[in-house]
Amino acid sequence: MAFTAVLAMVSLGLGLLHLLRVATARRDGRPVLGEASHAAMGLGMAAMFSPFGDPLPSVVWVAVFSSTATWFGLRWLRAGPRADDAAHHVVGGVAMLLMLALGGHEHSHAGSAWVSLVAVVLAGYFGWHVLRCSDRFVAARRSPVAAGHAGCPAPGGGAGLRAPHVGALAHLVMAASMGVMFLGMV
């Protein structure tokens, strides 16, 4: 229980960080949908990891993650493979919907081969994404302009909360948390 409480706090912090990034993005005219999607994912993961239970009804989360997956799915269909940030948001939204459908990380699904298989595949995806964001974090620390990457902050620099290395680190931690969540289902 202590480990999941720590993950709940980390996820809550990530959700709040992305909400702050949404607020600062509005000031400098940058798009906010990706940041809002990550904020929702962080807050949703905090609710799933929380030892106190989810304060929101599941239907709210289903609406949020269905909308996110649909919006970014349509965006990906329009832009194709070069919109790989959109594809990452689709995977994240679908992963959260799957978690909701299965009752969160705390429910045992032992004996369900398909759940274990999907959990391993998604844990692998998020592990791979951790590596991608690790590269982006290192690149952003060296040169903020070179930091753009799928699912990680776009190039162009920024300071404070909008700095690319801050976003890359937040994405890295969130992907690692998602991987842990899915490994817990195997």
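Accessible surface of the stretch 1-97, 1.4 Å probe: 73 percent of it comes from carbon and sulfur atoms.
The accessible area of W76, taken with all protein chains in place and a 1.4 Å probe, comes to roughly 100 Å².
The values are calculated or read from the model by the stated rules, or taken from the named source; none is laboratory data. Computed from a predicted model, the values in this text were never measured in an experiment. When the accessible area is computed, the model is the full protein with side chains, heavy atoms only, and any ligands, DNA or RNA have been set aside. Shrake-Rupley method; radii C 1.70, N 1.55, O 1.52, S 1.80 Å.
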